[in-house]
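J.: Pasting a structure here, questions to come.
Nothing in this text is a laboratory measurement; each read-out follows from the coordinates by a stated rule. Quantities reported herein were computed from a predicted structural model and do not represent experimental measurements. A quick note on method: Cβ atoms are made from the backbone with ideal geometry, for glycine too, and the neighbour counts reach across all protein chains shown.
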Amino acid sequence: MIMSEQVEQLLARMRALEEELEQEFAKQRESFHYRLERGRVTFERWVVERHRLLKTGLPRFIVEARIEDLVAAPFIYVMAVPVALLDLFLWLYQSVVFGIYRIPRVRRGDFVIIDRHQLAYLNGIEKLNCVFCGYANGVFGWARQIAARSEQYWCPIKHARRVASPHGRYPRFFEYGDGEGFRQRLGEMRGDLRRGK
């Protein structure tokens with residue numbers, strides 16, 4: 001897909017802003033006195049001790065729970081079953097379909113990040129909640145990227161209506177109604193995808 005120079009420039013500015021935002025997040029992380037060592041978070045000892053003082057014990061946490069929390073909990077946790085099934089079927093889909101069409105696979109580990117359970121200021125229930133949220137949102141993010149690559153391969157056409165929060169591949173898609181471009185350059189678009197673009 002040949003994009004206009006203005007669209008290319010806007011996308012480049014978006015990428016630069018995302019990088020600037022990530023650098024700002026990194027500065028903020030420094031103020032919390034931790035570092036990553038081989039994928040594991042290590043806090044300075046005094047920070048861990050302070051975190052432990054902030055922890056709400058389980059008995060108090062349960063006694064102070066709102067009735068809404070207690071009613072909602074089973075409905076929240078039962079979602080682990082469909083999320084796990086989605087996780088399994090995404091793996092299967094990528095293994096078979098992406099393998100057949102030589103589409104680069106999306107790394108699950110880039111999306112499913114479970115590390116909040118290492119925080120000393122969370123009790124067991126809060127840690128379980130954080131594990132579930134990290135897992136579910138990670139699987140959904142992974143699914144979105146798999147779907148985006150699938151869409152780029154089979155139907156890389158923008159919608160006529162505005163899409164709320166489109167995936168990162170969407171700006172390269174053919175304009176709605178560009179039948180000639182679609183027929184002439186679909187192979188090029190698929191080749192870009194195979195090359196990791």
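J.: I want the local charge near residue 37. Using Cβ-Cβ distances under 13 Å, sum +1 for each Lys or Arg and -1 for each Asp or Glu among the other residues.
T.: Spelling it out: positives minus negatives among the neighbours equals +1.
J.: Using only helices, what value at 222 nm comes out for the chain when you add -39,500 (n - 2.57) per DSSP H run of length 4 or more and divide by the total residues, to the nearest 500 deg cm²/dmol?
T.: About -19500 deg cm²/dmol.
J.: May I ask for the equivalent-ellipsoid semi-axes of the chain, computed as the square root of five times each C-alpha gyration tensor eigenvalue and listed largest first in whole Å?
T.: 40, 22, 16
J.: For the chain, what number of Lys pairs, 8 or more residues apart or on separate chains, have alpha-carbon atoms under 27 Å from each other?
T.: 4
J.: Can I ask one more? List the trypsin sites (Lys or Arg not before Pro) in the stretch 27-60 that DSSP assigns to loop (not H, G, I, E or B) and whose Cβ has at most 13 other Cβ atoms within 10 Å. Which are they?
T.: Listed in order of number, the matching sites are 38.
J.: Pick out which of 134, 179, 39 has the largest mean-square fluctuation in a Gaussian network model of the chain, springs linking Cα atoms closer than 10 Å.
T.: The residue that fluctuates most here is 39.
J.: Another question about this same structure. Over the alpha carbons of the stretch 64-106, what is the largest minus smallest coordinate on each principal axis, giving the biggest first in Å?
T.: Per principal axis, max minus min of the Cα coordinates gives 53, 14, 9 Å.
J.: Which loop chymotrypsin sites (Phe, Trp or Tyr not before Pro) in the stretch 165-197, with loop taken from DSSP, have no more than 13 other Cβ atoms within 10 angstrom of their Cβ?
T.: For chymotrypsin sites (Phe, Trp or Tyr not before Pro) across the stretch 165-197 that sit outside H, G, I, E and B with at most 13 neighbouring Cβ atoms in 10 Å, the list reads 176.
J.: Continuing with this model, one more query. With a cut-off of 8 Å between alpha carbons and a minimum separation of six or more residues, what is the relative contact order of the chain in percent?
T.: 23 percent
J.: As a test of understanding, state the convex hull volume per residue of the stretch 121-194 from its alpha carbons, in Å³.
T.: 103 Å³
J.: Which trypsin sites (Lys or Arg not before Pro) does the stretch 131-187 hold that lie in a coil by DSSP with at most 11 other beta carbons within 10 Å?
T.: Qualifying residues, ordered by number: 161, 162.
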